[in-house]
1. ALA459: out of contact with any Ser or Thr (no Cβ under 6 Å at 6 or more places or on another chain), among the small types (Gly, Ala, Ser), at pLDDT 90 or above and within 27 Å of LEU358 (Cβ to Cβ), yes or no?
2. Examine the stretch 88-96 for a residue that is modelled with pLDDT of 90 or more, within 28 Å of the chain's Cα centre (by Cα) and surrounded by 14 or more Cβ atoms within 10 Å (Cβ to Cβ), and state whether such a residue exists.
3. Just to be sure I understand, how many residues within the stretch 334-368 are charged (D, E, K, R) and under 21 Å from the mean Cα position of the chain (by Cα)?
4. List the pairs whose first member sits in the stretch 63-91 and is under 30 Å from ASP453 (Cβ atoms), whose second member is charged (D, E, K, R) and not in a loop (DSSP other than H, G, I, E, B), and whose Cβ atoms are under 8 Å apart, counting only residues at least 6 apart or on separate chains?
5. Select from the stretch 223-237 the residues that are more than 30 Å from GLY74 (Cβ to Cβ) and touching a residue at least 12 places away in the same chain (Cβ under 8 Å) and list them in ascending order.
6. For the stretch 37-59, which positions are touching a strand residue (DSSP E or B) at 6+ places or on another chain (Cβ under 7 Å), under 25 Å from VAL203 (Cβ atoms) and crowded, with 16+ Cβ neighbours inside 10 Å?
7. Condition check: outside any loop (DSSP other than H, G, I, E, B), within 18 Å of PHE347 (Cβ to Cβ), out of contact with any Phe, Trp or Tyr (no Cβ under 8 Å at 6 or more places or on another chain) and modelled with pLDDT under 90. Does VAL315 satisfy that?
8. So is PHE214 more than 24 Å from the chain's Cα centre (by Cα), hydrophobic (A, V, I, L, M, F, W, C) and not assigned by TED's automatic domain parsing to the domain that holds GLY81 or not?
Amino acid sequence: MTQFVAILRDSFREAVDGFVIYAMLGLSALTIVIVGSMSFTPAPPDEAFDTIAQRFNAIIPERGRSRALSFNAGNSFKVSGVAPEGGGYRLRLTVTAQPLKAAPEAEHKQDGKDDKTPPGPKDVPGADSFRAAVAQWAGAPGKAVELDAGGKAGKNGGRKVKVSTPTEPTPEEQKAIPTGEMEAFIASQFDTQAGMTATATRVTDGVAEPTYAFDVVTAGGSGVRGWPHTTKIFFGAATLSKQAPLGVSLYVLEDWVVNGFGAGVALLISVILTAFYVPNMIRKGSVDLLISKPIGRTPLLLYKYVGGLTFIFLVSAFTVGGMWAVLGARSGFWDPTFLVLIPVLTFAFAILYSVSVLVGVLTRNPIVAMLATIAFMFLLWLAGKGKAFVELTEATRGAGDEGPPGWLVTLVGVTNTVLPRYRDLDTITSKLITDGTLTAAEAPLFSPAALLDYPSWGATFGMSFAFIAVMLALACWAFNRRDG
């Protein structure tokens, strides 16, 4: 242990001798301060519940378990009588539905004569758009249609959202929907649209179909992920969003800014920062690292490797932990899944650093080690993009749609076998952040990872550990064969 601490101190001295570490820590501190300058102001309860209710026309089939969205625009949702109760609110939700119209007859007789003018369509008792929406929610998703970000069908570029177009339930099926099913639908909508637990009780006195009324009691206040918030930055100087769900704002910061752009920059800087460790150690020898007794070459190299990881772990913990603390303090929403970035970033760097150590031992040149590692990082990025394209295409294509090219599927399969599961690490992190911030209805709209299954944790980390072990074994073998 004493030897490891000595090597860690040596790595620390090398880090602080350059300006990169100061720039890295300064950038992290600046980011934390900027995030700390953000404010998340919740909308008043009346406005918030009215905004939440307007989302109820978006439906997730299979009782909220499907990955496809479905829409029913025939209903108008109105909230009234919002009042605090316990840790949540009590309110009245009124649904004004559109009655189902019967198809007009082809002809009818009037005064004993044939009148070719069909009569106007008549309402079908017990069948309307709200009952159809409940049946749509309880049933399986139908044929899938892909819509782009502009809401247009087709494949004209950009990320697609899978929208189901289920078969319209028959009048008999709509009439058969019980009150309990309607109450479950309303409670599910509060959960999927706002991340809020709720109970709904139908009110029938003085309410005639196709109008429906429900007394709703919710658990959870303005800190739930689906509650509309106004987000400002620089202590209120600039407005980033108005009435956006809190979870969406946090998701953009955590996944797009930190896990996406920030993690890439942090890994790149870390590669540059640590590329000098092993070549410098080999060039100047290990005499200055000897303490009370000699240390073998293999332990020396492994200690140097672990020392680099420890340093990056501490930097990641400072940055991610600091951002998590200020985000939670400013928003009131504490998402523990964000902290998973600390070990995942460290592990992702462990993959890259193993390549840097091997090249550093073989060449004794830090610049070559740095460039080779950055090139390998780019290779992993390309392989990840190909894997993401194949996965999303398979997840969103409907029956009869053409899949990705066969050569691409084969290439992705081969690279996924021989290379560490870098893309799977990113998918796991994105899905954890998605599940921690977005509601079930928001996830497929904002997060591509929501359309995918969790990769196998055992295969992801097992194959990556195996790659690291091979790189380090080769580095130790080469280091032990050197004369100095």
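1. On the way: out of contact with any Ser or Thr (no Cβ under 6 Å at 6 or more places or on another chain): yes; among the small types (Gly, Ala, Ser): yes; at pLDDT 90 or above: no; within 27 Å of LEU358 (Cβ to Cβ): yes.
Criteria not met by ALA459.
2. yes
3. 1
4. What qualifies is GLY64/ASP191; ARG67/LYS162; ALA68/LYS162; LEU69/LYS162.
5. Residues satisfying the conditions are GLY223, THR230, THR231, LYS232, ILE233, PHE234, PHE235, GLY236.
6. PRO45, ALA48, PHE49, ASP50, THR51, ALA53, PHE56, ASN57, ALA58, ILE59
7. When the stated conditions are applied, VAL315 passes them.
8. no
The values are calculated or read from the model by the stated rules, or taken from the named source; none is laboratory data. If you're wondering where the values come from, they're calculated on a predicted model, not measured in any experiment. Positions of Cβ are backbone-derived with ideal geometry, glycine not excepted, and every protein chain shown enters the neighbour counts.
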